[in-house]
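Trainee: First, the structure itself, so that you have it in front of you.
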Amino acid sequence: MPRAAWRFAPMLLAGAAIGAARLTGHAGLALLLGLLTLTLAATRHLPGRARLVLGIAAAALALAWPLLRPLAPQRLAGLLPPAGDLLLCAHFGATLRPGREPLISRYTRHDFGRLPPECAGYTRALTLLWAALFALLAPLHAILLLGLPPLDAPHDSGVVLGATAAFMLVLFLGEHVIRTLRFPQFGLATPARTLRAILSAHLSRHA
């Protein structure tokens, strides 16, 4: 099997698990197992000890499913955004380890064909910023969507996720303005240019 196909194998298995469980009337359990599978796949670059901890947590959640079942599907749906936040935090944060290239540094290198030395500190700090943001959003989303203390009841998921999306869009667009002002020698920084660089970086990894 080509190397790139192995990267997508966990996602394919998760999709198969969800489909099979829906057919057998266990869609909630399939969604949980699929989410855990994707979590392990997304953290494949983490150290072995961290992956072991995640594996133990995945097994514990799977074993505890009968106890959680009365809370589904509302609680399960509320777990998805925090889990997604943690996935993205790990995705950005893993590239900040010693010997790794920060994620946004890699995107910048694909934009310019190289990483300008004057951009190295900025792109590393920006990678750290996004990792920290997702780390903060995970517990915030859990509190708001699951109604955890100090709240008495969950907030409307549409309002919470809509506000989060709006905030992140403003942050994403605002960063382009800051980048243009800080590095005018590299021309206008635009979202389209950034998205092209991201696409190029990911395609090169799967080539």
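Trainee: Given H placed on each backbone N at 1.01 Å, which residues far from A189 in sequence or on other chains put an amide H within less than 5 Å of it?
Mentor: Hits under the 5 Å cutoff: T180.
Trainee: Could you give the nm distance between label points at F172 and T190, where each point is 7 Å from its Cα heading toward the beta carbon?
Mentor: With each label point 7 Å from Cα toward Cβ, the separation is 1.6 nm.
Trainee: I've got another one for you. Given Cβ point charges of +1 (Lys, Arg) and -1 (Asp, Glu) and nothing else, what value in debye, to the nearest 20, does the dipole of segment 73-207 about its Cα centre take?
Mentor: Dipole about the Cα centre, nearest 20: 620 debye.
Trainee: From the phi angles alone, apply the Karplus equation (6.51, -1.76, 1.60; θ = phi - 60°) to segment 132-137 and give each ³J(HN,Hα) in whole Hz, x where the residue is Gly or Pro.
Mentor: Result, rounded to whole Hz: 5, 4, 5, 5, 6, 5.
Read-outs throughout are calculated quantities, based only on the coordinates presented, and are distinct from any laboratory measurement. The model shown is predicted, which means the values in this text are computed figures rather than measured ones. All Cβ positions, glycine included, derive from the backbone under ideal geometry; neighbour counts span all protein chains shown.
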